[in-house]
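So the structure is just underneath, and the comments pick up after that.
The values are calculated or read from the model by the stated rules, or taken from the named source; none is laboratory data. Being a predicted model, the structure only gives us computed values, none of them experimental. Cβ sites come from the backbone with ideal geometry, for glycine too, and all protein chains shown count toward neighbours.
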């Protein structure tokens, strides 16, 4: 599984405005809605699912990375948005540091296998400092896609 198999090219934000957790989730979710990957009528339900997951424990895994995720019958397929924050977002990270790199993942309720594979793939690739640094230097969607494709190819 490659990240570009489920990351929407239209759901990439290189300059997140949000500095708080809930606002960042809302901003990334809205990006998926604008990209046509999620229906607007499901926005509140999906936001609730994402926030409920955060109550279980922060999805900020440290080293400036957050992978907020949720399963919901409001989505038909595994889909992701990507966001970069230059200021950093207080996301209750395990290491106490702000989050700069986000992959927001949504999956159908009956999609446990692909959902877990996607989470594992993202977290494995983001352990690489060079990859994280390369993403943080991206200024536009095309450069984000290029960096992700290159990393996906290197680590199949």
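Looking at 60, 107 in this structure, which one is touching a residue at least 24 places away in the same chain (Cβ under 8 Å), surrounded by 15 or more Cβ atoms within 10 Å (Cβ to Cβ) and closer than 29 Å to residue 139 by Cβ?
60
Go through the range 63-100 and report how many residues are more than 27 Å from residue 136 (Cβ to Cβ) and either in contact (Cβ under 8 Å) with a residue 40 or more places away in the chain or surrounded by fewer than 16 Cβ atoms within 10 Å (Cβ to Cβ) (or both).
Of the residues in the range 63-100, 4 are more than 27 Å from residue 136 (Cβ to Cβ) and either in contact (Cβ under 8 Å) with a residue 40 or more places away in the chain or surrounded by fewer than 16 Cβ atoms within 10 Å (Cβ to Cβ) (or both).
Mind checking which residues of the range 119-156 are surrounded by 15 or more Cβ atoms within 10 Å (Cβ to Cβ) and over 23 Å from residue 69 (Cβ atoms)?
Correct list: 143 only.
Scan the range 39-61 for residues that are outside any helix (DSSP H, G or I) and within 14 Å of the chain's Cα centre (by Cα) and jot them down.
Within the range 39-61, 58, 59, 60, 61 meet the criteria.
Identify, by number, the condition in (1) over 23 Å from residue 88 (Cα atoms); (2) in contact with a strand residue (DSSP E or B) (Cβ under 9 Å, 6 or more places away or on another chain) that residue 44 doesn't meet.
With (1) over 23 Å from residue 88 (Cα atoms); (2) in contact with a strand residue (DSSP E or B) (Cβ under 9 Å, 6 or more places away or on another chain) applied to residue 44, the lone miss is (2).
Could you go through the range 15-34 and let me know if any residue there is buried (at least 17 other Cβ atoms within 10 Å of the Cβ), in contact with a strand residue (DSSP E or B) (Cβ under 9 Å, 6 or more places away or on another chain), over 19 Å from residue 137 (Cα atoms) and at pLDDT below 95.
No, that holds for no residue.
Give the residue, chosen from 154, 124, 132, that is out of contact with any helix residue (DSSP H, G or I) (no Cβ under 7 Å at 6 or more places or on another chain), touching a residue at least 40 places away in the same chain (Cβ under 8 Å) and more than 26 Å from residue 43 (Cα to Cα).
Only one candidate passes the filter, namely 132.
Wholly within the range 86-156, which helices (runs of 4 or more DSSP H) include no fewer than the required count, namely at least 2 residues that are within 21 Å of residue 63 (Cβ to Cβ) and more than 16 Å from the chain's Cα centre (by Cα)?
Answer list for the range 86-156: 129-136, 141-154.
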